[in-house]
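Below: the structure, in structure tokens.
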Amino acid sequence: MQIDLIGVPVDLGADRRGVDMGPSAMRYAHLQRRLEELGYAVKDKGNVEVPIAETCSITEPKLKYIDCIVPIGRRVAGAVATSVQAGHFPLVLGGDHSLAFASVRGMARFKKIGLVWVDAHADFNTAETTPSGNIHGMPLAALAGLGDSRLVRLWDKPIPAVDPRRIAIVGVRDLDPGERVNLRQAGVMVQSIEQIDRLGLYAVMMQVIDRVSQDTEGIYLSFDMDSLDPRHAPGVGTPVPGGLTQREGHLICEMLAETGKLVGMDMVEINPILDVQNQTAALAVDYILSALGRRIW
């Protein structure tokens, strides 16, 4: 299988600058070489075109930078769709999590997928519920068919890219009030950090895999590095204490690899400005390797 690396150096979805350097940080951590050592053919497709932030403006305070983010999204979705059409595995390197409204939709054009969303946040706001207007808090809602039509549809009909009943959020621990309502109404599976504490991650992931595998052709993983406790991943823009441990992150990826159903992946929200000796990017590379089959034994 060929893996296509698709860089998306976007930081327009967040208030804090710096995640645009995430793709470079993962490349610097020898991502391509280490994937090739696992036996994969790897093609670095470079970065999709992203405008300089200073050339974009906020025209809608509840949808910050949407005029720039939507065209970026079309390019991201197109790059992923091209990879899928060629029979390759798209590996999307972020950048902030706003990119996922497009990467997942690019995959969903050709496959009926289940979606595993590993994140401290649900990213299930709309313009009506958002407290910040930051679009990196909205991509999962858009994929489930909620929110502004420009984010929901891109070039497609305004229908959910993924059946909300086939979406599972893992590790969430910071929800806005409006998100709670949206999630319950949509029927998304939410496996919070509290549930992981109570049940154990293995049991939680068995439930997740069962949910997202039903009546689907593959599983897409969208992994936000702020899902980790900040002790393990200091280089993220929106850290939340009490997150996943370093090994729990690996177990999530290892269990998804074991299904044999993983068809694409995002790795997002690495901010090298806030990192310590590139350790968050290096850990992200380790998680990518685990999701693609590397095992301890």
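Below, the figures for the structure above:
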{"quantity": "Meets criteria (of a type outside the set (Val, Ile, Thr) and buried (at least 24 other Cβ atoms within 10 Å of the Cβ)) for SER222", "calculated": "yes"}
{"quantity": "Within the stretch 149-248, helices (runs of 4 or more DSSP H) holding 1 or more residues that are within 23 Å of ILE288 (Cβ to Cβ) and touching a residue at least 40 places away in the same chain (Cβ under 8 Å)", "calculated": "193-199, 201-213"}
{"quantity": "Residues within the stretch 265-297 that are of a type in the set (A, V, I, L, M, F, W, C), part of a loop (DSSP other than H, G, I, E, B), surrounded by fewer than 22 Cβ atoms within 10 Å (Cβ to Cβ) and at pLDDT 95 or above, tallied", "calculated": "2"}
{"quantity": "Any hit, the stretch 50-64, residues being small (Gly, Ala, Ser) and without any contact (Cβ under 8 Å) to a residue 24 or more places away in the chain", "calculated": "yes"}
{"quantity": "Search result, residues across the stretch 122-143 that are under 23 Å from ILE6 (Cβ atoms) and either in contact with a Lys or Arg (Cβ under 9 Å, 6 or more places away or on another chain) or in a loop (DSSP other than H, G, I, E, B) (or both)", "calculated": "ASP123, ASN134, ILE135, MET138, ALA142, LEU143"}
{"quantity": "Residue under evaluation ASP119, criteria (1) touching an Asp or Glu at 6+ places or on another chain (Cβ under 7 Å); (2) acidic (Asp, Glu); (3) surrounded by fewer than 24 Cβ atoms within 10 Å (Cβ to Cβ), criterion not met", "calculated": "(3)"}
{"quantity": "The stretch 42-69, residues that are surrounded by 12 or more Cβ atoms within 10 Å (Cβ to Cβ) and farther than 25 Å from THR126 by Cα", "calculated": "VAL42, LYS43, ASP44, LYS45, ASN47, VAL48"}
{"quantity": "Search result, residues across the stretch 108-122 that are closer than 14 Å to LEU143 by Cβ and either of a type outside the set (D, E, K, R) or free of Cβ contacts under 8 Å to residues at least 60 places away in the same chain (or both)", "calculated": "ALA108, ARG109, ILE113, GLY114, LEU115, VAL116, TRP117, ALA122"}
{"quantity": "Test set (1) under 21 Å from ILE270 (Cα atoms); (2) small (Gly, Ala, Ser); (3) touching a strand residue (DSSP E or B) at 6+ places or on another chain (Cβ under 9 Å); (4) not in a helix (DSSP H, G or I) - GLY114 fails condition number", "calculated": "(1)"}
{"quantity": "Neighbours by Cβ (under 9 Å, 6+ apart or cross-chain): first from the stretch 124-136, farther than 21 Å from PHE223 by Cα; second polar (S, T, N, Q) and part of a loop (DSSP other than H, G, I, E, B)", "calculated": "PRO131/ASN125; SER132/ASN125"}
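The values are calculated or read from the model by the stated rules, or taken from the named source; none is laboratory data. It should be emphasised that the depicted structure is a prediction, and the values quoted were computed from it without experimental measurement. Using ideal geometry, Cβ is built from the backbone for each residue, glycine included, and neighbour counts are taken over all protein chains shown.
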